[in-house]
Amino acid sequence: MFEQIKEDDHYDKLRCRGIFGGKLKILLVYIDHNLRRYHTRKLEFQKNNKLN
């Protein structure tokens, strides 16, 4: 899954120091990715319901 995030959002490396900073950065990246997926699926669902 991280490979997909790296490809889609152009993340090449984590720019944080320490284990806590790295884990926090990965957590925020995953939250961002899931919110984007949720938003696009919600828009697609609304678009499909308006057509019917």
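The values are calculated or read from the model by the stated rules, or taken from the named source; none is laboratory data. This structure is a prediction, so every number in the text was calculated from the model and none was measured. Cβ atoms come from the backbone with ideal geometry, glycine included; neighbour counts cover every protein chain shown.
Taken over region 1-11, the criterion of being modelled with pLDDT of 65 or more and loosely packed, with under 10 Cβ neighbours inside 10 Å is satisfied by 3, 4, 7, 10. The residue pairs whose first member lies in region 15-36 and is at pLDDT 80 or above, whose second member is aromatic (Phe, Trp, Tyr) and surrounded by 10 or more Cβ atoms within 10 Å (Cβ to Cβ), and whose beta carbons are closer than 7 Å, counting only pairs six or more residues apart or on different chains, are 29/11.
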